[in-house]
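Take a look at the structure set out below.
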Amino acid sequence: MNLGKLGDVAVGAAGDVAGSVVDPKAGAVRLRSAVTPRAVVMLAAGLFLGYLLARSRRHH
């Protein structure tokens, strides 16, 4: 995946979260349509890498 696209996805997700605060029902519909198996795998991988990074920094 291109890093430029990753930034676009992050900005789009932040916009969706902000829109969900204003209109929760529309936000829930948008969230359901955005959740794909690929997105779930990317999110899980990002969380796992963040965990490993934080753990390695804590142990010096």
Check: Out of these labelled values of Rg/Rh (Cα atoms, Kirkwood Rh), (i) 1.09; (ii) 1.04; (iii) 1.23, which was calculated from the coordinates shown here?
Finding: (i)
Check: How much mean residue ellipticity at 222 nm does the chain get from its helices, if each DSSP H run of length 4 or more adds -39500 (n - 2.57) and you divide by all residues, to the nearest 500 deg cm²/dmol?
Finding: -30000 deg cm²/dmol
Next item on the list: Report, in degrees rounded to the nearest 10, the 0 to 90 angle that the Cα long axis of helix 37-58 makes with the longest principal axis of the chain.
Entry: 40
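Read-outs throughout are calculated quantities, based only on the coordinates presented, and are distinct from any laboratory measurement. Because the structure is predicted, anything quoted here is derived from the model rather than measured.
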